[in-house]
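Visitor: Just dropping this structure here.
The values are calculated or read from the model by the stated rules, or taken from the named source; none is laboratory data. None of the values given here were measured: they were computed from a predicted structure. Every residue, glycine as well, gets a Cβ built from its backbone with ideal geometry; the counts of neighbours run over all protein chains shown.
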Amino acid sequence: MSEKDWKGLLQAAALSLLLGAPAAAAEAAKVVRLEARGAITPPMSRHLQDGIEHARAEGAAAVLIELDTPGGLLDSTREIVQAMLNSPLPIIVHVAPPGARATSAGVFILAASDAAAMAPGTHLGAAHPVGVGGGGSSGKDAEKERSVMSEKAVSDAAAYVRVLAAEKGRNAEWAERAVRESVSLTADEALAQKVVDVLARDRKELFEKLEGRRLSKGGRRLRLALAKAEVVEFPMSPLRRILQVIANPNLALLFLMIGVYGLIYEFSSPGVGFGAVVGLTSLILAGYSLSILPVNYAGLLLLLLGLVLLVLELQIPSYGLLSIGGLTILALGSFFLFDTDQAYLRLSLGVLGGLVATTGAFFTLVVAKLLKTRRLPPAVGVETLVGLVGEAREPLDPRGLVFVAGELWTAEASSPVGKGGRVKVRGVQGNALYVERLEEAHHDRNA
């Protein structure tokens with residue numbers, strides 16, 4: 001091969017490298033964007049952890065978390081921080097848009113970021129841990145114990161956030177004050193006191209200001225190249241969105257009351273189980289919500305006691321005394337259910353008042369119906385179904401549904417009955433009917 005041919009090959013190779021380099025760089029400059037809007041709860045924690053892992057698996061250049069939170073649970077916050085620190089990718093946290101906040105748990109997440117930014121008009125701070133839950137005991141010894149536990153929690157959180165800020169080269173003293181003294185800063189003040197690295201109104205300005213910034217990550221020196229980065233969204237899954245919404249004190253109380261209404265309706269009115277399905281589903285949702293929210297157990301016990309008194313009114317008519325006492329205790333228990341200074345964990349007084357009024361109206365109607373029923377002759381009870389003829393709406397082998405007197409009933413047959421078969425009611429126990437095939441009933445009568 002001649003010298004001229006060799007030169008041509010070298011020029012072609014050099015040209016291909018020059019053309020390929022920008023494409024490779026553009027492909028590498030991919031940023032995965034995560035939204036953290038709302039309280040920091042287990043669903044939010046799992047979403048951010050999965051998003052960070054997704055970015056690593058996709059070979060992204062960085063992760064961008066856009067933060068707007070009133071705070072959240074410390075355990076969930078620690079999980080997020082650990083995922084951020086252990087990720088090989090640089091984690092950028094931007095408190096945005098203008099008007100957003102990073103209070104309480106948000107301070108820890110911002111402190112753990114590799115690049116911390118805020119939009120003008122945002123603020124952060126007030127990271128003092130709030131002691132909630134287990135508030136049922138009283139007395140000087142209990143108060144002293146709570147004070148000691150609160151002091152330990154504050155010291156632990158202060159040391160934690162101080163280490164995070166110092167590790168990232170930011171103002172560790174202010175971070176500690178945010179925990180111990182609940183101090184807050186505007187975006188401009190945070191930049192001036194070196195709590196954050198840059199101010200940026202939007203994502204474009206953020207990437208421009210971070211372009212070329214050098215930082216350490218996992219013992220490696222990295223240089224951010226974000227000016228032409230492709231932003232890839234990692235949205236929260238529909239299920240996690242639902243769970244995030246459910247993790248709300250107002251909804252927790254609402255589900256709890258709907259569950260109680262459903263079960264009372266089911267036990268007081270014979271039917272096909274609609275009340276039980278709604279009641280049990282609501283109680284499961286309430287249980288999930290209460291399991292991840294910091295609950296004051298004294299408030300929970302008062303709430304349950306109030307419900308017990310209301311249910312007793314259905315069995316032992318007290319001319320309203322049990323109802324009044326139950327509603328009063330129910331209101332007190334609901335008010336103290338989430339005893340905290342954090343606004344997002346407080347019950348809305350409007351929701352609380354509406355629930356108490358609805359509960360009072362519900363039990364008034366139920367009690368009035370029961371009193372009316374007790375004044376009626378026994379002949380109008382379910383015993384009057386005995387002797388009536390109905391139709392099996394599904395196979396009875398031995399239990400199933402039958403249609404008698406214009407309603408669906410759970411029934412048990414003495415022998416198998418096919419769907420559509422005619423049956424005769426022989427007896428009633430609770431909400432269940434005992435039936436026979438109509439042929440058997442005729443045979444018994446003829447015998």
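Visitor: Scan the stretch 394-422 residue by residue and report those that are surrounded by fewer than 18 Cβ atoms within 10 Å (Cβ to Cβ) and outside any strand (DSSP E or B).
Guide: Selection gives E394, P395, D397, P398, A405, G406, S414, S415, P416, G418, K419, G420.
Visitor: Of all residues in the stretch 205-223 being at positive phi and at pLDDT below 90, which is surrounded by the most Cβ atoms within 10 Å (Cβ to Cβ)?
Guide: This residue is G218.
Visitor: Identify the residue in the stretch 107-127 that is of a type in the set (A, V, I, L, M, F, W, C) and in a strand (DSSP E or B) and, among all such residues, is farthest from D68 (Cα to Cα).
Guide: Among them, the one singled out is A115.
Visitor: Name the residues in the stretch 203-254 that are among the β-branched types (V, I, T) and in contact (Cβ under 8 Å) with a residue 40 or more places away in the chain, would you?
Guide: V231, V232, I246, listed by residue number.
Visitor: Something else now. Any idea which of (1) of a type in the set (S, T, Y); (2) closer than 16 Å to P43 by Cβ; (3) crowded, with 17+ Cβ neighbours inside 10 Å is the one Y288 doesn't satisfy?
Guide: For Y288, the failing item is (3).
Visitor: Next question. If E145 meets every condition in (1) touching a Ser or Thr at 6+ places or on another chain (Cβ under 9 Å); (2) modelled with pLDDT under 95; (3) on the phi > 0 side of the Ramachandran plot apart from one, which number is that one?
Guide: (3)
Visitor: Would you confirm, using the coordinates I've provided, whether S237 is among the polar types (S, T, N, Q), at pLDDT below 90 and closer than 30 Å to A55 by Cα?
Guide: So S237 fails the test.
Visitor: Follow-up. Please list, ordered by first then second residue, the pairs with beta carbon atoms under 9 Å, 6 or more apart or interchain, first in the stretch 319-334 and in contact (Cβ under 8 Å) with a residue 12 or more places away in the chain, second of a type in the set (F, W, Y) and buried (at least 21 other Cβ atoms within 10 Å of the Cβ).
Guide: Short answer, once both residue conditions are applied: S323/F363; G326/F363; L327/F363.
Visitor: To continue, here is another question. Give me the strands (runs of 3 or more DSSP E) completely within the stretch 176-254, filtered to those with at least 1 residues that are assigned by TED's automatic domain parsing to the domain that holds G72 and within 20 Å of L164 (Cα to Cα), ordered by residue number.
Guide: 184-186, 214-217, 220-223
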